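To start, the structure under review is shown below, and the notes come after it.
The values are calculated or read from the model by the stated rules, or taken from the named source; none is laboratory data. Keep in mind that what you see is a predicted model, and the values were worked out from it rather than measured. Note that each Cβ is placed from the backbone with ideal geometry, even for glycine, and that neighbours are counted across all protein chains shown. We work out accessible area using only protein heavy atoms, side chains counted, and drop any ligands, DNA or RNA first. Shrake-Rupley method; radii C 1.70, N 1.55, O 1.52, S 1.80 Å.
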Amino acid sequence: ARVLGIEGTAWNFSAAVFDEDLVCLESSPYVPPHGGIHPREAAQHHAAVAADVIGKVLEKAGPEIDAVAFSIGPGLGPSLRTAATAARSLALKFGVPLIGVNHCVAHVEIGRWYTKFADPIVLYASGANTQVLGFLNGRYRIFGETLDIGLGNALDKFARSHDLPHPGGPIIEEMAKKGSYLPLPYTVKGMDLAFSGLMSAAKEATARGESMEDVCCGFQETAFAMCVEVTERALAHTGKDEVILVGGVGANSRLQEMLKIMCEERGARFMAPPRVYMGDNGAMIAYTGKIMLEAGSTIAVADSMVNPGFRSDQVEVTWRSDAGK
Ligand code: ATP
Ligand code: FE2
């Protein structure tokens, strides 16, 4: 099947066509002139670029499309609604089924597709989300997650407090390379994580004169060690032996390195997909839409309301026949 996928939950408006492999992918990121992502402005950006981005993809892939998939949630309401409107009109125009894809599950599925890992523990670290997931009895179960803000948002907010442009994550990664480790508060509660205390402590550290490089290094080492600890415990509890890293923060090479070391020590395999598939992208929606279509998971236009609070474990995974372990 050949599926058009549309992603627009937050900062990136992106469309792709997936068939046996990725056919084409086009993206138009929203870059805020200052500050963070403003939901209404992001939605206005999406509305302005939608026709161009989708037009380019359809021009390359041709008009033969078997279904239209879109991110139905979670995400920012105005952005979600804009992308959903585009998807509904295209499904009606082509007379093909519509598929509502959970954005978090799509991050997981594109990671599984790229790595070919059958049944991994997934560290999904992005702007708004930080979750450790694994497949069990028909769903992606959330073994642990952030109790306050996502790791990416913590990095972005800290960067913004120092007047650095959005997104701050990649800038902090560069600064951290020049710094040395500064201890900062480490918060893991059972299998869950919290980042806002760490972010405040990092702000206080620079305010009392610690170097930005050292604070960035301490921030990364602390936050990433927290994520690795929970990921390791999920491996131990489930007996799974593969780990993948997905989500925008997954682009960070230090986080990749730390997970790799942990996995080597435990005899587990570790892989991360390339950057294009890490952050928000249309390919993950097109691909997940394709496997959902093949499993019969389509929705009627009348039932395709977006769900800004849609959780990964609310999705019935109809396209996996294995039980997981
Ligand atoms: P979600 O809706 O899944 O929470 P999102 O809309 O935040 O995702 P993503 O593209 O998955 O979007 O993630 C964006 C985040 O990734 C931003 O917070 C950004 O700072 C962070 N990020 C990108 N590159 C890096 C990097 N090299 N190191 C750390 N963080 C990074
Ligand atoms: Fe995302």
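Taking the conditions exactly as written (open to solvent by less than 60 Å² (accessible area, probe 1.4 Å), outside any helix (DSSP H, G or I) and not assigned by TED's automatic domain parsing to the domain that holds Leu80), does Tyr124 satisfy them or not?
Numbers: open to solvent by less than 60 Å² (accessible area, probe 1.4 Å): yes; outside any helix (DSSP H, G or I): yes; not assigned by TED's automatic domain parsing to the domain that holds Leu80: yes.
It is true that Tyr124 is open to solvent by less than 60 Å² (accessible area, probe 1.4 Å), outside any helix (DSSP H, G or I) and not assigned by TED's automatic domain parsing to the domain that holds Leu80.
Which of the residues spanning the range 4-24 are away from ligand 2 (no atom under 15 Å from the Cβ) and under 20 Å from the mean Cα position of the chain (by Cα)?
Residues of the range 4-24 that are away from ligand 2 (no atom under 15 Å from the Cβ), as a first pass: 4, 15, 17-24.
Once the filter is applied, which keeps residues that are away from ligand 2 (no atom under 15 Å from the Cβ) and under 20 Å from the mean Cα position of the chain (by Cα), the range 4-24 yields Leu4, Ala15, Val17, Phe18, Leu22, Cys24.
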Counting only residues that are open to solvent by less than 20 Å² (accessible area, probe 1.4 Å), within 15 Å of ligand 1 (Cβ to nearest atom) and assigned by TED's automatic domain parsing to the domain that holds Tyr30, give me the helices (runs of 4 or more DSSP H) lying completely in the range 208-325 with at least 3 of them.
282-294
From (1) crowded, with 24+ Cβ neighbours inside 10 Å; (2) in a helix (DSSP H, G or I); (3) more than 18 Å from the chain's Cα centre (by Cα), pick out the condition that doesn't hold for Ala86.
(1)
Give the residue that is nearest to Lys203 (Cα to Cα), with candidates limited to residues of the range 165-188 that are buried (at least 17 other Cβ atoms within 10 Å of the Cβ) and aliphatic (A, V, I, L, M).
Leu184
Would you tally the residues in the range 1-60 being open to solvent by 10 Å² or more (accessible area, probe 1.4 Å), in contact (Cβ under 8 Å) with a residue 60 or more places away in the chain and part of a strand (DSSP E or B)?
4
Take Val105 and decide whether it is part of a strand (DSSP E or B) and open to solvent by less than 30 Å² (accessible area, probe 1.4 Å).
no
The lone exception for Ala154 - which of (1) open to solvent by less than 10 Å² (accessible area, probe 1.4 Å); (2) not assigned by TED's automatic domain parsing to the domain that holds Asp192 it fails:
(2)
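Could you tell me whether any residue of the range 160-171 is in contact with a strand residue (DSSP E or B) (Cβ under 9 Å, 6 or more places away or on another chain) and within 15 Å of ligand 1 (Cβ to nearest atom)? Let's see the steps before the verdict.
Our first condition is that a residue be in contact with a strand residue (DSSP E or B) (Cβ under 9 Å, 6 or more places away or on another chain); within the range 160-171, this holds for none.
So far as the range 160-171 goes, no, none of its residues is in contact with a strand residue (DSSP E or B) (Cβ under 9 Å, 6 or more places away or on another chain) and within 15 Å of ligand 1 (Cβ to nearest atom).
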Exactly one of Phe117, Phe135 is more than 15 Å from the chain's Cα centre (by Cα), part of a strand (DSSP E or B), under 30 Å from Gly239 (Cα atoms) and aromatic (Phe, Trp, Tyr), and that residue is Phe135
Go through the residues of the range 51-69 one by one and say whether even a single one is within 16 Å of ligand 2 (Cβ to nearest atom) and modelled with pLDDT of 95 or more.
yes
Scan the range 67-83 and report the pairs whose first residue is among the hydroxyl-bearing types (Ser, Thr, Tyr) and whose second residue is within 11 Å of ligand 2 (Cβ to nearest atom) and in a helix (DSSP H, G or I), with Cβ atoms within less than 6 Å and a gap of 6+ or a chain change.
Ser71/His103; Ser71/Ile285
I need every pair where a residue in the range 251-269 that is on the phi > 0 side of the Ramachandran plot and free of Cβ contacts under 8 Å to residues at least 40 places away in the same chain has its Cβ under 8 Å from the Cβ of a residue that is open to solvent by 30 Å² or more (accessible area, probe 1.4 Å) and not in a helix (DSSP H, G or I), sequence separation at least 6 or different chains.
Gly267/Asp241
So which residues in the range 132-151 are open to solvent by 10 Å² or more (accessible area, probe 1.4 Å) and in contact with a helix residue (DSSP H, G or I) (Cβ under 7 Å, 6 or more places away or on another chain)?
Arg139, Arg141, Ile142, Phe143, Asp148, Ile149
Going through (1) aliphatic (A, V, I, L, M); (2) within 16 Å of ligand 2 (Cβ to nearest atom); (3) closer than 26 Å to Pro32 by Cβ one by one, Val132 fails only at (3)
